[in-house]
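The values are calculated or read from the model by the stated rules, or taken from the named source; none is laboratory data. Keep in mind that this is a model prediction, so the values were computed, not measured. No Cβ is skipped: glycine too gets one built from the backbone with ideal geometry, and neighbour counts run over all protein chains shown.
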Amino acid sequence: MKKETALDAICLLGPTASGKTDICVELARHFPIEVISIDSALVYRHMDIGTAKPNLEALSQCPHHLVDILNPNEHYSAARFKLDAERIVHEIAMRGAIPVLSGGTMMYYKTLKDGLNKLPERNIQIREAIDLDAKQYGWPHIHNNLSKIDPETAQKLNPNDSQRIQRAMEVFQLTGEPMSKLLNEPASNRGILKTLDIALIPKSRAILHKNIEARFNEMITQGLIDEVANLKKNWDLSLDMPSMRCVGYRQVWEYLAGEYNKDTLVDKGSAATRQLAKRQLTWLRGFEIDHVFDPHETDTPSYIQLVLQRLIN
């Protein structure tokens, strides 16, 4: 990318199942790009099917970074992503290639652009105490308690969203302040990268939902159930870990525990993925995006190629 563009990288954002990987592979046929994954699930090794991880052929055609960097029992964070992404963007540019940040973990993107809010580090003791309450009373009860101390955050969360409810309660117990208040304060360590941002936003939600259901069915056919069974066998995991909170993995875990049958698994997995896509699109509508394309339009890859071509000419 030429210096006169005053840009460090391209960002390609979009909801799950919107074809981001396919577009990156197509771009790699025309430009010397390297992709930095903005995906909190792709960081995990041995989680290939349920994350729709690019296959070896795609990775050989289009190098990807921040893929397969952690074991399933480890933790990653938006703060670490920001540091890793900034470093890798610089390394790619030094090689004369074009960095393309691509994915759908919108909190990672927001942190990259806006920096970090002053939220406390994780506290294992407090989390365990919250988990014990949740086991006794259920997450909807904890969510109700959260609504009394931080109604703004509680309103945005599903009553069974254990990960985010736990975090909001933890922040309040550590600081005495609602997490919504802390998030509204000016961020520190603001982003240093200048990016051109492209979003894939489908005009037809029905087509996206159809693709989501078809992809989840394909994941089951490809062996997602065996993948989760092997993860449970080979690693000390629980549903409280970030890796197993990933959409699809939680539902298969519950299926393996006998909570429902295979047909219900497909329904629940597809529904959870649709909810994920809805949240991602809500995030996208709040961002200042340079170019928006419909991923279901056949000309979209060509339009994105034209955007990149103008930048490097």
- Query: Within segment 61-72, can one find any residue that is at negative phi and assigned to a helix (DSSP H, G or I)?
  - Reply: yes
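Tally up the residues in segment 224-252 that are in contact (Cβ under 8 Å) with a residue 12 or more places away in the chain and either among the acidic types (Asp, Glu) or farther than 18 Å from Arg45 by Cβ (or both), please. Let's see the steps before the verdict.
If we filter segment 224-252 for residues that are in contact (Cβ under 8 Å) with a residue 12 or more places away in the chain, which is where we start, we get 224-225, 227-232, 234-237, 239-252.
Keeping just the survivors that are either among the acidic types (Asp, Glu) or farther than 18 Å from Arg45 by Cβ (or both) gives 225, 227, 236, 239-240, 247, 250-251.
Residues that pass the stated criteria total 8.
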- Task: Filter segment 79-92 for residues that are surrounded by 16 or more Cβ atoms within 10 Å (Cβ to Cβ) and either farther than 20 Å from Glu121 by Cβ or of a type in the set (A, V, I, L, M, F, W, C) (or both) and give the result.
- Result: Phe81, Ala85, Glu86, Ile88, Val89, Ile92
- Message: Of all residues being touching an Asp or Glu at 6+ places or on another chain (Cβ under 7 Å) and closer than 29 Å to Ser238 by Cα in segment 81-117, which is modelled with the lowest pLDDT? Just the residue, please.
- Response: Asn117
- Contacts under 7 angstrom Cβ, first residue in segment 285-313 being closer than 16 Å to Cys24 by Cα and in contact (Cβ under 8 Å) with a residue 40 or more places away in the chain, partner among the polar types (S, T, N, Q) and part of a helix (DSSP H, G or I), 6 or more apart: Phe293/Thr300; Asp294/Thr300
- Turns out the helices (runs of 4 or more DSSP H) fully within segment 102-175 with at least 3 residues that are touching a strand residue (DSSP E or B) at 6+ places or on another chain (Cβ under 9 Å), within 27 Å of Pro15 (Cβ to Cβ) and touching a residue at least 12 places away in the same chain (Cβ under 8 Å) are 106-114
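Quick check on my filter: what residues within segment 176-206 are assigned to a helix (DSSP H, G or I) and under 28 Å from Ala85 (Cα atoms)? Give the steps one after another, and end with the answer.
Just the residues of segment 176-206 that are assigned to a helix (DSSP H, G or I), to begin with: 179-184, 205-206.
Once the filter is applied, which keeps residues that are assigned to a helix (DSSP H, G or I) and under 28 Å from Ala85 (Cα atoms), segment 176-206 yields Met179, Ser180, Lys181, Leu182, Leu183, Asn184.
What residue, among those in segment 103-141 that are polar (S, T, N, Q) and surrounded by fewer than 19 Cβ atoms within 10 Å (Cβ to Cβ), is farthest from Met241 (Cα to Cα)? Write out each step before concluding.
Residues of segment 103-141 that are polar (S, T, N, Q), as a first pass: 105, 111, 117, 123, 125, 136.
Add one more test, that the residue is surrounded by fewer than 19 Cβ atoms within 10 Å (Cβ to Cβ), and what stays is 117, 123, 125, 136.
Numbers: Asn117: 23, Asn123: 14, Gln125: 15, Gln136: 19 Å.
Step by step, filter segment 103-141, then rank; the result is Asn117.
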- Message: Any residue that is at positive phi, surrounded by fewer than 17 Cβ atoms within 10 Å (Cβ to Cβ) and part of a loop (DSSP other than H, G, I, E, B) - is there at least one of those in segment 1-14?
- Response: yes
- Message: Name the single residue that is surrounded by the fewest Cβ atoms within 10 Å (Cβ to Cβ) among those in segment 165-175 being of a type outside the set (A, V, I, L, M, F, W, C) and at pLDDT 90 or above.
- Response: Gln173
- Message: Test of understanding: among Asn145, Asn160, Asn117, Asn123, which residue is in contact with a helix residue (DSSP H, G or I) (Cβ under 8 Å, 6 or more places away or on another chain) and under 21 Å from Gln275 (Cα atoms)?
- Response: Asn160
- Message: Could you list, ordered by first residue, the pairs with Cβ atoms under 7 Å in which the first is in segment 18-42 and under 25 Å from Arg205 (Cα atoms) and surrounded by fewer than 23 Cβ atoms within 10 Å (Cβ to Cβ) and the second is of a type in the set (S, T, N, Q) and at pLDDT below 95, at least 6 apart or interchain?
- Response: Val25/Gln61
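Quick grid of which residues meet (1) over 16 Å from Asp48 (Cα atoms); (2) over 17 Å from the mean Cα position of the chain (by Cα):
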position: Ala229; (1), (2): no, yes
position: Trp235; (1), (2): no, yes
position: Tyr260; (1), (2): yes, yes
position: Gln275; (1), (2): yes, no
position: Lys278; (1), (2): yes, no
- Message: Just to check your reading of the model, which residue among His46, His30, His75 is at pLDDT below 95 and assigned to a loop (DSSP other than H, G, I, E, B)?
- Response: His75
